[in-house]
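The values are calculated or read from the model by the stated rules, or taken from the named source; none is laboratory data. Remember, predicted model here, so these are calculated numbers, not experimental data. So basically every Cβ, Gly included, is an ideal-geometry build from the backbone, and we count neighbours across all protein chains shown.
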Amino acid sequence: MLLSAEGLAARRGEELIFSNLSFDLGMGEALVVTGRNGSGKSTLLRVIAGLLAPEAGRVTFSGAGVEPGARPREFCHYLGHRNAMKRELTVFENLAFWKSFQGGSGGALDIDEAAETVGLGGILHLPYGYLSAGQQRRFAIARLLVAHRPVWLLDEPTAALDADSDRMFAGLVKRHLAEGGIALAATHQPLGLEKVQELRMTGFSGVNADVWE
Amino acid sequence: MSDNSLAITKFSDLANPTRFLALVARILPWLSGLTALALVAGLCLGFTAEGDYQQGDTVRIMYIHVPAAWLSMMCYTVMAISAIGTLVWRHPLADVSAKAAAPLGAGFTLIALITGSLWGKPMWGTWWVWDARLTSVFVLFLMYLGLIALNRAMDDPAKAARVSAVLILVGFVNIPIIKFSVDWWNTLHQPASVVRMGGPTIDAEFLWPLLVMAVAFTLLFFALHLAAMRNEILRRRIAAQRRMAARMASGREGR
Amino acid sequence: MIALLVRDLKLSIRAGGGALVGVLFFLTIVAVIPFGVGPDLNLLSRIGPAIVWIGALLSSLLGLDRLFQAEREDGSLDVLLMHDTPLVLTVFVKCLAHWLATGLPLVIASPLLGLFMNMNEVAIGAVMLTLVVGSPAITFIGAVGAAVAVALPRGGLLVSILVLPLAVPVLIFGVSASYAAVEDPAPFLPPFLILMALTLFFAAIGPAAAALALRNAAD
């Protein structure tokens, strides 16, 4: 499996936030994206997730069992700033919905196991809105476990997590990588991973002025 | 159409706004002159043509009303073609074209509505009747205003253009349906006493001034559209330069 | 897809009582009409079908702008967009759930309002039937507006302004069919069939355009 980006450029509003960005990630490899706020970390992850159209360049995903021309976003989990969970539903209902919607094709945990893995078994019956911010984030992480995707795109994954949960999450990412997964994380904190490439975003590579020149 | 008909034959030339601006600078004076000539000719013909024996001089309103109504349709077509340009080729000039055309379309539609109303007063004895044509033009006017409002509500011009493009196309598909349903509705409710406008056939005497005015209005539209596109491009350039200036300043203090 | 339908239905029942607010709005609109036009029962029964239809049209637009906005606010929209079921189908199912949760209660409430409007049984039945067939069209065409609202800092009212002109045909044929059922010379079937055709047409074009808008509105 290989996730590669060639000559990516993206803009936010009229501003080019990065340009000519390329990387290749194979099985078990991780890329940590660092940089200050507004430097384009989130934008990069959203481009890879197919949520934003790149201004130039392309993202491809290839490997055994991947038909050519398949969209990379189908192979990605995206964990954004927001948790993608409904406050009105119980945790179990939330996770069950995502499990069924995203489709579990092998290698996925069932909902109880996923809850145990993030250290919060036993409160699956509570409405999601009643949980603390840290607990909510941990269940958002559990969403990545109930359906299998080879690529994890993590945007500030450990925000709102305490040190213990931090370690728990680093362990999860390590296990994902050990199983041959790929991870991209935009983060301030080090995740304590080996075999990591680092990408420093500087932000602002120019106003998209050439369009109008 | 102004950019798109050319864009398809000479796409590479026009992909570049600078070349487009140069082209506009060359064409616009000629186009404006031609428009003025055609308008003068049309108005002269319109005023010298004999009045209708029934409607008297009020029939001359037709020379403004009918071309404006025709342009209100054509303008939407131009916007729909631009919308396809935006969504398929993601071409910034198509964004600009659609955005520049919307207020023009609203303007021509308003002229058609007002002249229709002025014409209606002596003919029908009332400023407004829920005639099928007036009603569907009115709905079109509402759609133009909605699209303009939508475009203004968004900060990012590229995103605004793409989202508006979807709505423009949905509207374009819907216009025939709206027209058809309003016609149906009108046959149900129309009181028989209302005089239908235009009459069964148009006399050749009215036809000539009408055609000249239609040409003049079409030229007027393209002249205004090109000018509006040029202004929009210049506006965006200024915005881009201002952004650049802001970034340069923060770059100096920040690092 | 069933999971999405069930989730959206659960949400609309639990969250803020969206369906209830829609029905209340519907009741209130129809209830204030007599205060405007006077309590003349003959007049009310004559304009009744039109009033009920307009009330239903406005009420079904009421919660529509939240259709995708709510998903966007908690981040679910990103995950929905990433998963190609295809997206058109996702949008279609969401529309269906929205209609079941808010459109259907309006249809069920309409006979009561028909009584207020002094309509006879045939007219009430006709209005209900045309609403069942016609109101999904409003949801489908409104989905386009809802998708556009995702890109707007403040959506709400603008969405209704954009969607209402497009809903004019549905209103015309819904009301014509209702009247045709009561007034003898006008045939009922042609406007009713056209109403069905409109619903099918919007069921195809609405989700497709909404999906296109959602892809383009993401930021």
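For this structure, a couple of remarks:
- Test result for residue A:61, more than 7 Å from chain C (Cβ to nearest Cβ), hydrophobic (A, V, I, L, M, F, W, C) and either under 26 Å from residue C:69 (Cβ atoms) or part of a strand (DSSP E or B) (or both): yes
- Criterion violated by residue C:71 - all others in (1) assigned to a helix (DSSP H, G or I); (2) in contact (Cβ under 8 Å) with a residue 60 or more places away in the chain; (3) within 14 Å of chain A (Cβ to nearest Cβ); (4) of a type outside the set (A, V, I, L, M) satisfied: (2)
- Search result, residues across segment C:200-219 that are modelled with pLDDT of 85 or more, over 15 Å from residue B:165 (Cα atoms) and surrounded by fewer than 23 Cβ atoms within 10 Å (Cβ to Cβ): C:200, C:201, C:203, C:204
- Looking only at residues in segment C:143-158 that are within 9 Å of chain B (Cβ to nearest Cβ) and in contact (Cβ under 8 Å) with a residue 24 or more places away in the chain, the one that is farthest from the chain's Cα centre (by Cα) is C:151.
- Within segment B:98-131, the only residue that satisfies the criterion of being within 27 Å of residue B:81 (Cα to Cα) and aromatic (Phe, Trp, Tyr) is B:108.
- Residue under evaluation residue C:73, criteria (1) surrounded by 18 or more Cβ atoms within 10 Å (Cβ to Cβ); (2) under 30 Å from residue A:149 (Cβ atoms), criterion not met: (1)
- Test: residue C:47 is part of a helix (DSSP H, G or I), over 16 Å from the mean Cα position of the chain (by Cα) and either among the β-branched types (Val, Ile, Thr) or at pLDDT 90 or above (or both): yes
- Being closer than 30 Å to residue C:3 by Cα, in contact with a helix residue (DSSP H, G or I) (Cβ under 7 Å, 6 or more places away or on another chain) and surrounded by fewer than 18 Cβ atoms within 10 Å (Cβ to Cβ) is a property that does not hold for residue C:65.
- Among the candidates C:207, C:165, C:187, residue that is over 15 Å from residue B:178 (Cβ atoms) and without any contact (Cβ under 8 Å) to a residue 12 or more places away in the chain: C:187
- When C:103, C:114, C:145 are screened for being buried (at least 22 other Cβ atoms within 10 Å of the Cβ), touching a Leu at 6+ places or on another chain (Cβ under 6 Å) and assigned to a helix (DSSP H, G or I), only C:145 passes.
- The residue list B:119, B:70, B:127 contains one member that is in a loop (DSSP other than H, G, I, E, B) and surrounded by fewer than 22 Cβ atoms within 10 Å (Cβ to Cβ), which is B:127.
- Of all residues in segment A:38-50, at least one satisfies being within 12 Å of chain C (Cβ to nearest Cβ) and out of contact with any strand residue (DSSP E or B) (no Cβ under 6 Å at 6 or more places or on another chain).
- Candidates B:141, B:206, B:221, B:217 - the one that is assigned to a helix (DSSP H, G or I), within 11 Å of another protein chain (Cβ to nearest Cβ) and either buried (at least 19 other Cβ atoms within 10 Å of the Cβ) or at pLDDT below 90 (or both): B:141
- Within segment A:26-63, the residues that satisfy the criterion of being of a type in the set (A, V, I, L, M), over 14 Å from the mean Cα position of the chain (by Cα) and under 21 Å from residue C:84 (Cβ atoms) are A:52, A:53, A:59.
- Restricting attention to segment C:81-98, the residues that are touching a Phe, Trp or Tyr at 6+ places or on another chain (Cβ under 9 Å), at pLDDT 90 or above and surrounded by fewer than 21 Cβ atoms within 10 Å (Cβ to Cβ) total 0.
- Here residue C:120 meets each of (1) at pLDDT below 90; (2) out of contact with any Lys or Arg (no Cβ under 9 Å at 6 or more places or on another chain); (3) surrounded by 24 or more Cβ atoms within 10 Å (Cβ to Cβ) with one exception, condition (3).
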